Amino acid sequence: MSYKVNENCIGCGTCAAICPDVFDLNADGLAENIIGDIPDELLDSAKEAAESCPVEAIVEE
């Protein structure tokens, strides 16, 4: 499973704060998935990050 950050991202950093092993802010200050497919041990944290996004910019792929 993977999560993708779409064009709705405002760069608030919530996802990176919750799940830094999967999400980080890029040079443009917007979030991105930095590992691609998410290993099982990070799925709960990545899901929490997606659900915490204030603009729903993180979607399951």
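The values are calculated or read from the model by the stated rules, or taken from the named source; none is laboratory data. What you are looking at is a predicted structure, and each value in this text was computed from that prediction instead of being measured. We work out accessible area using only protein heavy atoms, side chains counted, and drop any ligands, DNA or RNA first. Shrake-Rupley method; radii C 1.70, N 1.55, O 1.52, S 1.80 Å.
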Report the extension gain between Leu30 and Asp44 in nm, rounded to one decimal, defined as 0.36 nm multiplied by the number of residues separating them, less their alpha carbon distance.
2.9 nm
Taking Cα atoms, the helix 43-52 axis meets the longest principal axis of the chain at an angle in degrees (rounded to 10) of 30 degrees
With every protein chain left in place, what is the accessible area per residue of the range 8-61 in square angstrom, probe 1.4 Å?
60 Å²
Where a ≥ b ≥ c are the square roots of the eigenvalues of the C-alpha gyration tensor, would you call the chain rounded, which needs a/c under 1.5, or, failing that, prolate if a/b is larger than b/c, or oblate?
prolate
Taking all protein chains as present, what is the carbon and sulfur share of the accessible area of the chain, in % to the nearest whole number, probe 1.4 Å?
44 percent
